[in-house]
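What follows is a set of notes on a single structure, which appears directly below.
The values are calculated or read from the model by the stated rules, or taken from the named source; none is laboratory data. Predicted model, so just to flag it, every value in this text is computed and none were measured. For neighbour counting, all protein chains shown are included, and Cβ atoms are generated from backbone atoms with ideal geometry for every residue, glycine included. When the accessible area is computed, the model is the full protein with side chains, heavy atoms only, and any ligands, DNA or RNA have been set aside. Shrake-Rupley method; radii C 1.70, N 1.55, O 1.52, S 1.80 Å.
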Amino acid sequence: MSTFDSDEAARIHQELHHALPSEPALRVKALESLVVERGMVASETLDNWIEAYSEHIGPRRGAEMVARSWLDPDFRARLLDDAGALAQELGFQGHASVHLKAVENSAQVHNVVVCTLCSCYPFSILGMSPSWYKSAAYRARIVREPRRVLAEFGVSLPEGVGVRVWDSTAELRYLVVPQRPAGTEGWSLERLAALVTRNSMIGTERDLSPHVKGAA
Amino acid sequence: MNPPDPLAPPENGNGPVFDEPWHAQVLALADALVRAEFFTARQWAEALGAARARAEARAAPDTAETYYLCAIETLEGLVARETAISLEALGARRRAWERAYLATPHGQPVMLGAGEK
């Protein structure tokens, strides 16, 4: 890029990124910042409460898209071709005009997503981002030493499996499509979707188990 | 949309329903303030019940969004009544956050200006 206008870049980023939170979100932020600042409540207490529920915060549309891609080859092809258009068609688009790209795991490739700059994340598809996703350590290390970071998440990749790290931006966000676990033949969409964890769609989990949920 | 425990989130048969992060944050705050004894669980339940009755009276839809908007209204009211934080202070802080969001470029944490605290 020969002409880099930092003001213009900042303007675009601001538009795309620090979109003003909704009115109720701002009211909650006002409450939270005042009670924490005055020492009435510890911010860790609030974080722990939120973390305990974080898998339930926000929509689980990504899990449904992944499960459908396992069942329907045409849907899978469209998901991999243009996940953003598909999400829009399904009415899953967030309020920001952001593109979504689906990246599929295979026996040879494992995908993992980060936002090295801040914490871009497809909320409308995956729900609330986990706190580690926003941490400086994850953002820096997953790019430098992905295998080691994945191992810390309990993912041990065989030698032959390559890792692709996808860096989200304000304009483009990613959805990892994990592999369908063996032993789930004949399962319904709903039952399959229940197996798809948030972490597997970020890429910090690889092998989904049919025995965790819904197998009884 | 009527949890038996007034401090628990509403459920839809598939687990708790939080469609937005602030939905969870408002209940986290209520729970923490009850545990810190600024007000009781009973005060919370009665005030939330009254807010929900008012919402019903004005024919607000019976949705999670309505439930959590009632929770904010309840929390603001109890905080103003039972703690040293006034409604005016809450309003001023809400406007300060708005200014901070509008003034912060991408990639930087949104923080309040020096004179805003």
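Annotations for the structure displayed:
- The protein assembly as shown: projected area of the alpha-carbon convex hull, averaged over directions, in nm²: 20.2 nm²
- Taking GluC sites (Glu not before Pro) across segment B:1-95, the ones in a DSSP loop with at most 12 further Cβ atoms lying within 10 angstrom of their Cβ are B:E37.
- Calculated SAXS-style log₁₀ I(q)/I(0) at q = 0.13 Å⁻¹ - segment B:22-82, Debye, Cα scatterers: -0.31
- Heavy-atom accessible surface that B and A bury in contact, both chains counted, 1.4 Å, Å² to 100: 3900 Å²
- Share of carbon and sulfur in the accessible heavy-atom surface of chain A [1.4 Å probe, %]: 51 percent
- Heavy-atom accessible surface of chain A, averaged per residue, reaches 50 Å², computed with a 1.4 Å probe.
- Treating each Cα of chain B as an identical point scatterer and summing with the Debye formula, the log10 of I(q)/I(0) at q = 0.12, 0.19, 0.22 Å⁻¹ comes to -0.52, -1.08, -1.25.
- Peptides A:150-158, A:60-68, A:177-185 ordered by average Cβ neighbours within 10 Å, highest first: A:60-68, A:177-185, A:150-158
- On Cα atoms only, tilt of A:43-53 relative to the major axis of chain A in degrees: 30 degrees
- The amide H of A:L175, built 1.01 Å from its N in the peptide plane, has A:K101, A:A102, A:V103 as neighbours under 5 Å, considering only residues 5 or more places off or on other chains.
- Summing Lys and Arg as +1 and Asp and Glu as -1 over all other residues whose Cβ lies under 14 Å from the Cβ of B:A80 gives a net charge of +1.
- Length-normalised contact order for chain B - Cα pairs under 8 Å, 6+ apart - percent: 20 percent
- Remark: mean inter-chain Cβ contacts per residue of A:47-60 equal 5, using a 10 Å Cβ-Cβ cutoff to other protein chain atoms.
- Taking the inverse of the mean reciprocal distance over all distinct Cα pairs, the Kirkwood hydrodynamic radius of segment A:59-202 comes to 15.6 Å.
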